[in-house]
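One structure is given below, represented as structure tokens, and several questions about it will come after.
The values are calculated or read from the model by the stated rules, or taken from the named source; none is laboratory data. Everything numeric in this text was worked out from a predicted model, so none of it was measured. All Cβ positions, even for glycine, are placed from backbone atoms using ideal geometry, and neighbour counts span all protein chains on display. Side chains are part of the model used for accessible areas, which takes the heavy atoms of the whole protein and leaves out ligands, DNA and RNA. Shrake-Rupley method; radii C 1.70, N 1.55, O 1.52, S 1.80 Å.
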Amino acid sequence: MVDNFKILIRLYRQYAKMDLLWFLRDTRYFFIQLVSDVVSGGCTIAGVCLLSANFKNFSGMTQNEVLFMMGYALFIDGIFMVFFMGNNTGMVSRIIGRGQLDHIMIQPVPLWAELLAQGFSPVSGSPIMIFGIGLTAYGAIRAGLPINAFTILLFLFYSICSIVIVMSFIYLISCSAFYAPAAAEEIAGVGKELFSSLKTYPLGNMKGFQKHIFLSLIPVGLCAWLPSTLLIKAGKYGLEAVFVPEAFYLPIAAAIFSFIAIITFKKGMNYYETYGSPRYSGFGHR
């Protein structure tokens, strides 16, 4: 276990160095990407904020609380950009569908460590995370929430749960690429876009079947609305708001989704080891 951890740290260090070299080599492209991400994220946030400002009780939250939730959502996007950006990690269905998983399997490191480390981009992915931290802090101040060690640790814990759910969902649907490589090659991007477009909408006033769907089978509500609601309650009422049944739903859901994703991915790997990828040909592969 200790040796595997050392391998992971070494891989993180190497990929961080490569990301820094890319930034120094092509700073122009970095700033173009940065501006594009800021415009895209800003449009998403502005849309929800305008709805909350112009429609009373649109979200069951005050405008400042919606702003705090937007910051949390942007921070989750920042975690994805820093740790899971790229084909091999965040868009794993591509390497499965294109038969490129073999390239990772022949590396002298565990498969999980290589998948976990290859998306590490602390330089090129950090701006979105920084904006997320800034917007979350601004929203917390506007909403009258305290910023102390307790709320920061709770924020980080809920953020880990949220990103685990996002990645578990992406890997879960990406397993279809083991069985239908051509059709499911880009399905990871569809899953990521699902969270990007829907997780920023508060579910406070949504009732019935739809709300339960967004908190279970399609867990977009677990990646911004529910954790930010729990954080708002914790900021107002302290520890008594942490040890309530609904507060345990988020970590339990993260554990269940990750367990299902791991089991499904292992089954897909067994299929892949037996049948390989039909995308290979005499002319090479995708």
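Give a residue-ordered list of calculated ³J(HN,Hα) values for the range 160-168 (Karplus: 6.51 cos²θ - 1.76 cosθ + 1.60, θ = phi - 60°; whole Hz; x for Gly, Pro).
Once rounded to whole Hz, the list reads 4, 4, 5, 5, 4, 5, 4, 5, 5.
Here's something else I'd like to know. With every protein chain kept in place and ligands, DNA and RNA left out, what is the accessible area per residue of the chain? Probe 1.4 Å, answer in Å². Show your work: numbers first, answer last.
Working: 14710 Å² over 286 residues.
For the chain, the solvent-accessible area averages 51 Å² per residue.
Under the definition of Cα pairs under 8 Å and six or more residues apart, what whole-number percent is the relative contact order of the chain?
25
Right, something else. Report ³J(HN,Hα) in whole Hz for each residue of the range 90-95, in order, from the Karplus equation J = 6.51 cos²θ - 1.76 cosθ + 1.60 where θ = phi - 60°; Gly and Pro get x.
Result, ordered by residue: x, 10, 5, 5, 5, 6 Hz.
Also, I was wondering about something else. How big is the convex hull of the Cα atoms of the range 4-275, per residue, in Å³? Write out the running numbers ahead of the final one.
Numbers: hull volume 39.4 nm³, N = 272.
It comes to 145 Å³ per residue, whole-number rounded.
Taking N as the number of residues in the range 186-286, what value does Rg over Cα atoms divided by 2.2 N^0.38 Å take?
1.50
Another question, if that's okay. Less than 30 Å apart at the alpha-carbon level, and either on another chain or at least 8 residues along: which lysines does that give for Lys266?
Lys6, Lys192, Lys199
Express in % the proportion of alpha carbon pairs of the range 129-209 at distances exceeding 19 Å.
57
Another question about this same structure. Using a simple charge model, +1 on the beta-carbon of Lys and Arg, -1 on the beta-carbon of Asp and Glu, nothing else, what dipole does the range 4-275 show about its Cα centre, in debye to the nearest 20?
Computed about the Cα centre, the dipole is about 240 debye.
Add -39500 (n - 2.57) for each DSSP H run of 4 or more in the chain, then divide by its residues: what number comes out at 222 nm, to the nearest 500 deg cm²/dmol?
Roughly -23000 deg cm²/dmol at 222 nm, from the helical runs in the chain.
Residue by residue through the range 107-122, which ³J(HN,Hα) values in whole Hz follow from phi under the Karplus form 6.51 cos²θ - 1.76 cosθ + 1.60 (θ = phi - 60°), with glycine and proline marked x?
So the J values, rounded to whole Hz, are 6, x, 9, x, 4, 5, 5, 5, 5, 6, 8, 5, x, 5, 9, x.
Can you pull the semi-axes for the range 214-263, root of five times each eigenvalue of the Cα gyration tensor, sorted largest first, whole Å?
The equivalent ellipsoid of the range 214-263 has semi-axes of 23, 12, 7 Å.
Pop out the carbon and sulfur fraction of the accessible area of the chain as a percent, whole number, probe 1.4 Å.
68
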